[in-house]
Amino acid sequence: KISVSALAVALVAMSGIAVSPAIAAADPDTPAPTPESETSSRTAILPVFPHEGIRVRTGKPGELLTIRLPDQTPLTPAEWGPDGEATYRSADTDYTVTPLVDGGEYFTIVKKNPSDSFDYDLHLGLPAGTHWVRHNTTLLIESDGAGPDQPALLIGMFASPKVTTGKGAEIPLTVKIDPEGEVEFSAQSPELVNTPVEIGFSYHPVDTAP
């Protein structure tokens, strides 16, 4: 289970940005309604076809952040699961997006190919008037500040990703992000041949104070 509030408070103290005190705890095991085709709720818009991008809400009303899955190989249309999750598959990799109770999403990348390395590229499409700030492998999404009376506000965050092999070993992960929002996850280790290998990370919207 992920306690978002503790992590957010620590990161806010480091960055000096403003945040609402009401940040919920997220639990990827909590069920959500099962969609029929495309689900649109307080959590996210999960498309049938992955190239359309997964749209998640932020703390700015009406402003959505778009997450595009790697497109190096074609992905299947969504397979809907019992807890509202959508799974997109390729020959070597499965991508599952699961709704969280705080309005966020948990992303699971499952590597099936028994190679000793991987490299996955995602793209973040930020809404206008926002920017990202990186703290190690945690990524904060902030509104743009407009002077002392309108400071930058934390409106969303990606918690640090974690890599686990089929034998339970945790593998160090390298995360790179460029100014255009291209995010690269990569790792190399002999342990990665022990498939399935899971790369998991979560996104959480952070509601700003009214």
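Of all residues in region 50-69, those that are touching a residue at least 40 places away in the same chain (Cβ under 8 Å) and either surrounded by 20 or more Cβ atoms within 10 Å (Cβ to Cβ) or part of a loop (DSSP other than H, G, I, E, B) (or both) total 12. Residue pairs whose Cβ atoms lie under 7 Å apart, separated by 6 or more positions or on different chains, with the first residue in region 171-194 and open to solvent by less than 70 Å² (accessible area, probe 1.4 Å) and the second basic (K, R), are I177/R134; E184/K176; N194/K167.
Of the strands (runs of 3 or more DSSP E) entirely within region 115-173, none holds at least 2 residues that are modelled with pLDDT under 90. Scanning region 136-157 for residues that are of a type in the set (S, T, Y), under 29 Å from V110 (Cβ atoms) and open to solvent by less than 20 Å² (accessible area, probe 1.4 Å) yields a single hit, T138.
All of (1) over 18 Å from L69 (Cα atoms); (2) in contact with a strand residue (DSSP E or B) (Cβ under 7 Å, 6 or more places away or on another chain) hold for H135 with one exception: (2).
Condition check ((1) farther than 19 Å from T174 by Cβ; (2) buried (at least 20 other Cβ atoms within 10 Å of the Cβ); (3) basic (K, R)) across all residues:
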{"position": "T98", "(1), (2), (3)": "yes, yes, no"}
{"position": "Y106", "(1), (2), (3)": "yes, yes, no"}
{"position": "I109", "(1), (2), (3)": "no, yes, no"}
{"position": "P114", "(1), (2), (3)": "yes, no, no"}
{"position": "D119", "(1), (2), (3)": "no, no, no"}
{"position": "L124", "(1), (2), (3)": "no, no, no"}
{"position": "P127", "(1), (2), (3)": "yes, no, no"}
{"position": "T130", "(1), (2), (3)": "yes, no, no"}
{"position": "R134", "(1), (2), (3)": "no, no, yes"}
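Every test in (1) over 22 Å from G59 (Cβ atoms); (2) open to solvent by 30 Å² or more (accessible area, probe 1.4 Å); (3) polar (S, T, N, Q) is passed by S160 save one, and that test is (1).
For region 195-210, the candidate set comprises residues that are open to solvent by less than 50 Å² (accessible area, probe 1.4 Å) and of a type in the set (G, A, S); within that set, the residue that is nearest to T165 (Cα to Cα) is G200.
Quick one: in region 70-84, of everything that is acidic (D, E) and farther than 23 Å from S186 by Cα, which residue is surrounded by the fewest Cβ atoms within 10 Å (Cβ to Cβ)? That would be E79.
Scanning region 70-110 for residues that are without any contact (Cβ under 8 Å) to a residue 60 or more places away in the chain and part of a strand (DSSP E or B) returns E79, W80, A86, T87, Y88, R89, T93, D94, Y95, T96, V97.
The values are calculated or read from the model by the stated rules, or taken from the named source; none is laboratory data. All values derive from a computational prediction rather than experimental measurement. Reconstructed Cβ throughout: ideal geometry from the backbone, glycine too, with neighbour counts over all protein chains shown. Ligands, DNA and RNA are excluded from the accessible area calculation, which covers all protein heavy atoms including side chains. Shrake-Rupley method; radii C 1.70, N 1.55, O 1.52, S 1.80 Å.
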